[in-house]
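The values are calculated or read from the model by the stated rules, or taken from the named source; none is laboratory data. Quick caveat, the model's predicted, so the values are computed rather than measured. So basically every Cβ, Gly included, is an ideal-geometry build from the backbone, and we count neighbours across all protein chains shown. Surface accessibility is based on the protein's heavy atoms, side chains included, excluding ligands, DNA and RNA. Shrake-Rupley method; radii C 1.70, N 1.55, O 1.52, S 1.80 Å.
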Amino acid sequence: MALSIAHLLIENKSGLTATELAEMLHLSVPTLYRITLEMHQQRFLVSKRQGRKNVFKISPSIQDVLPSVY
């Protein structure tokens, strides 16, 4: 599931909210947050607060590595 999240974030350079990601992956928002928390702790993701929402983006340090997987 983490690779699916990473793939979507690579495709959407401006980032995606948890709700957007959850809808795309057919997951509940709490499940998605659990996965993104782990990815954030491993420094695969960065998040930025925009108003009331968190927008997730792929971490710049990992961005160059992941496209070669796809």
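Numbers for the structure displayed
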{"quantity": "Residue in the stretch 43-62 that is among the hydroxyl-bearing types (Ser, Thr, Tyr) and within 14 Å of ALA2 (Cβ to Cβ) present", "calculated": "yes"}
{"quantity": "Flag for SER47 being part of a helix (DSSP H, G or I), among the small types (Gly, Ala, Ser) and open to solvent by 50 Å² or more (accessible area, probe 1.4 Å)", "calculated": "no"}
{"quantity": "Residue satisfying all of: in the stretch 50-70; assigned to a loop (DSSP other than H, G, I, E, B) and either of a type in the set (Asp, Glu) or over 16 Å from ILE10 (Cβ atoms) (or both); most open to solvent (accessible area, probe 1.4 Å) among these", "calculated": "ARG52"}
{"quantity": "Hits in the stretch 1-31 (condition: in contact with a Phe, Trp or Tyr (Cβ under 7 Å, 6 or more places away or on another chain) and part of a loop (DSSP other than H, G, I, E, B))", "calculated": "GLY15"}
{"quantity": "Any pair with Cβ under 6 angstrom, 6 or more apart, that starts in the stretch 7-19 at a residue that is without any contact (Cβ under 8 Å) to a residue 40 or more places away in the chain and under 11 Å from SER47 (Cβ atoms) and ends at one that is of a type in the set (Val, Ile, Thr) and open to solvent by 30 Å² or more (accessible area, probe 1.4 Å)", "calculated": "ALA18/VAL29"}
{"quantity": "Search result, residues across the stretch 6-31 that are at pLDDT 95 or above, crowded, with 16+ Cβ neighbours inside 10 Å and either over 12 Å from the mean Cα position of the chain (by Cα) or among the aliphatic types (A, V, I, L, M) (or both)", "calculated": "LEU16, LEU21, ALA22, LEU27"}
